[in-house]
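The values are calculated or read from the model by the stated rules, or taken from the named source; none is laboratory data. For clarity, every value in this text was computed on a predicted model and none was experimentally measured. FYI the Cβ positions are ideal-geometry reconstructions off the backbone, even for glycines, and counts take in every protein chain you see.
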Amino acid sequence: MSIKVPVKCYLDCIPSIVIQQVLEDDLSLLPKVQSLEAVAMLLHLSITTESYAKMDDRELLITIESNIKSIAISIKKFGGDIMKLTSNTIIVLWSKNETIEQIPERAVNCALQIQELLNSTQEMTILLAKIGIGAGKCEILYIGDSSHKTEYLPIGEALAQASQCVNGASEGQVIVSKESWKLMKDACIGAVHDESDNYLIKRCKAIDTLLLSNHIM
């Protein structure tokens, strides 16, 4: 089922990757492509049938907004950038002055916390999430006109991997690509999930988010 996400939930989430590019590069000549190594996380959200049956539209919208805000807070806490938020999908990137090997464990901890939040914040589960994670090359395409609004679109290998993982996931699961798994296998417990050698994550070594927040600020 599709979700109409309240706009105010993400208007203040301008990606730091985009801000840095604007500060460092002249975007008056478009289109432009920003290339980087990144970890990508895709969340596919759906509303439970039970919530439609037991809540009126206003109550459901307020609860969904609260859930989305909790997801955004978790993403920010683990240093992720919300690149796009559509009717039922959130696209997140990690790429902040670190080698790509340092990031996947952070993304997995974020994904696991989101799944826990969605299943423990209220008596009745409202949102369900399928989460996929990929790692590798990524491009951000900047399009538009210098005198009008500029749009940015993340594309590339990391997102393709994450998309494949989401497509093979069930609600409540976190699936990572084989490329991501190679970078996090010493910190996480998982099992091969499909014939593409993507992995279902079961547990991951917790990260001290206080130290993490000090590191990424």
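Go through (1) within 24 Å of residue 22 (Cβ to Cβ); (2) at pLDDT 95 or above one by one and return the number of the condition residue 139 breaks.
So residue 139 meets the others, but not (2).
How many residues, within region 192-207, are surrounded by 20 or more Cβ atoms within 10 Å (Cβ to Cβ) and part of a strand (DSSP E or B)?
Number of matching residues: 3.
Just to be sure before I move on: is residue 159 in contact (Cβ under 8 Å) with a residue 60 or more places away in the chain, of a type in the set (A, V, I, L, M, F, W, C) and either closer than 18 Å to residue 197 by Cβ or not in a strand (DSSP E or B) (or both) in the structure I sent?
It is true that residue 159 is in contact (Cβ under 8 Å) with a residue 60 or more places away in the chain, of a type in the set (A, V, I, L, M, F, W, C) and either closer than 18 Å to residue 197 by Cβ or not in a strand (DSSP E or B) (or both).
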